[in-house]
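Q: Okay, handing you the structure first.
The values are calculated or read from the model by the stated rules, or taken from the named source; none is laboratory data. Predicted model, so just to flag it, every value in this text is computed and none were measured. Note that each Cβ is placed from the backbone with ideal geometry, even for glycine, and that neighbours are counted across all protein chains shown. Ligands, DNA and RNA are excluded from the accessible area calculation, which covers all protein heavy atoms including side chains. Shrake-Rupley method; radii C 1.70, N 1.55, O 1.52, S 1.80 Å.
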Amino acid sequence: MLTLNYNIDNIKNFRNTRNYFLNCSDACSLVQSNIPTMNENKLDTNNKLNSISINGPRHYSTSLIAGAVAGTVVDVALFPLDTLKTRLQSQYGFVQSGGFRGIYKGLTPTIIGAPFTAGLFFGTYDGFKNLFPNVSNNTAPLVHLCAGIVGEVVCCTTKVPIEIVKQRRQASPNQESILKIIRNAYANEGVFGFYRGFWTTVMRDVPFSMLQLPIWEYLKKEYRIFTGKPLTTIEVALCGSISGGIAAALTTPIDVTKTQIMLANSAVDQNFSTVFKNIYKNKGLNGLFAGFLPRVVFIMIGGALFFGVYEKTCRQIEDKHKNKI
């Protein structure tokens, strides 16, 4: 009887042990089956954060309006610094060009032209990006670069005439009025007088955008990966400030050359290479980097304001549109 009971107890213990190991085996199988799902979820999250997809395509009118608002705010707010930069770069010298006097001269053409110039740029930039809604991480910088080039060339059609009138008003030793500047430009060279330095401006602004915009987009993407959430308006503005400062520093010699071409009263020997060589010959690297600090500071502050106001305005327009729907 004792032996029988002992055997029965052994059988029960064996069954319990077997069931224990079976349960462990099932648990291990369950964990293993969930590992791919967990890894897939992690990969999906990483892909979303790493994606540099040109997401949230913006309507052309939204970019146009937001760009116009941003451009006007920045150009008006920082106009005095722009005047000082122009006078530092002038071939007439800082003091003869006006020094610290009348730092708001030339503001009128800026107010008129800024909405068209900035609006055209961002409308074209975002419009071009919208042609490529889904691109890889490797291809996206190329799209941003090309969008910036196209945007700059288009906006220069309005920027250059405004710049000529504005800069001659800012730095002319004769203190000419806006109307007189316009009449003289047309009398001397016709319509082409308002496009003096067009290709020099393109040569300055295209490299600038080729540097600034891909860096801006890259910084936004990396910051989003770092924080794991969408950027605020302030963060977008900060990325714009950093990218603008880098681009401004590297393109200062082209900007100095462009300024002197536009300020010249005669078109004789005003091609880019001639003016560039003359500046270097007469003043060396100091001449080519004249106005470096005001330009970099101006564009860093301007970049923060420009991209910040642009982003804020875009979001407000989009929010109003969503509320109507």
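Q: Could you check how many residues of segment 189-201 are assigned to a helix (DSSP H, G or I) and either open to solvent by less than 40 Å² (accessible area, probe 1.4 Å) or under 12 Å from residue 264 (Cα atoms) (or both)?
A: So the count comes out to 6.
Q: Looking at segment 310-325, I want the residues that are acidic (Asp, Glu) and have a partner that is surrounded by fewer than 18 Cβ atoms within 10 Å (Cβ to Cβ) with Cβ atoms under 8 Å, at least 6 apart or on another chain. Which pairs are those?
A: Taking only residues 6 or more apart or on different chains, the pairs are 311/233.
Q: Another one. Of the residues in segment 305-325, how many are open to solvent by 30 Å² or more (accessible area, probe 1.4 Å) and either within 24 Å of residue 259 (Cα to Cα) or assigned to a helix (DSSP H, G or I) (or both)?
A: Residues flagged as open to solvent by 30 Å² or more (accessible area, probe 1.4 Å) and either within 24 Å of residue 259 (Cα to Cα) or assigned to a helix (DSSP H, G or I) (or both) within segment 305-325 amount to 14.
Q: Sticking with this structure for a sec: Would you please name the residue that is modelled with the highest pLDDT, looking only at residues in segment 274-291 that are assigned to a loop (DSSP other than H, G, I, E, B) and hydrophobic (A, V, I, L, M, F, W, C)?
A: Just the residues of segment 274-291 that are assigned to a loop (DSSP other than H, G, I, E, B), to begin with: 289-291.
Going one step further and asking which of them are hydrophobic (A, V, I, L, M, F, W, C), we end up with 289-290.
On the way: 289: 92, 290: 89.
Only one residue tops the list, namely 289.
Q: Then there is this: Regarding segment 165-172, can at least one residue be identified that is free of Cβ contacts under 8 Å to residues at least 60 places away in the same chain and either over 25 Å from residue 83 (Cα atoms) or touching a Ser or Thr at 6+ places or on another chain (Cβ under 7 Å) (or both)?
A: Scanning segment 165-172, I find no residue that is free of Cβ contacts under 8 Å to residues at least 60 places away in the same chain and either over 25 Å from residue 83 (Cα atoms) or touching a Ser or Thr at 6+ places or on another chain (Cβ under 7 Å) (or both), so the answer is no.
Q: Here is a check on your reading of the model: is residue 236 within 20 Å of residue 297 (Cα to Cα) and part of a helix (DSSP H, G or I)?
A: Here the answer is yes, as residue 236 does meet what is asked.
Q: Could you grab me the full set of residues in segment 246-273 that are part of a helix (DSSP H, G or I) and open to solvent by less than 10 Å² (accessible area, probe 1.4 Å)?
A: 247, 248, 252, 255, 256, 257, 258, 259, 261, 262, 263
Q: Looking only at residues that are open to solvent by 50 Å² or more (accessible area, probe 1.4 Å) and either out of contact with any Pro (no Cβ under 9 Å at 6 or more places or on another chain) or more than 23 Å from residue 297 (Cα to Cα) (or both) in segment 77-91, which one is modelled with the highest pLDDT?
A: Per the stated criteria, the residue is 77.
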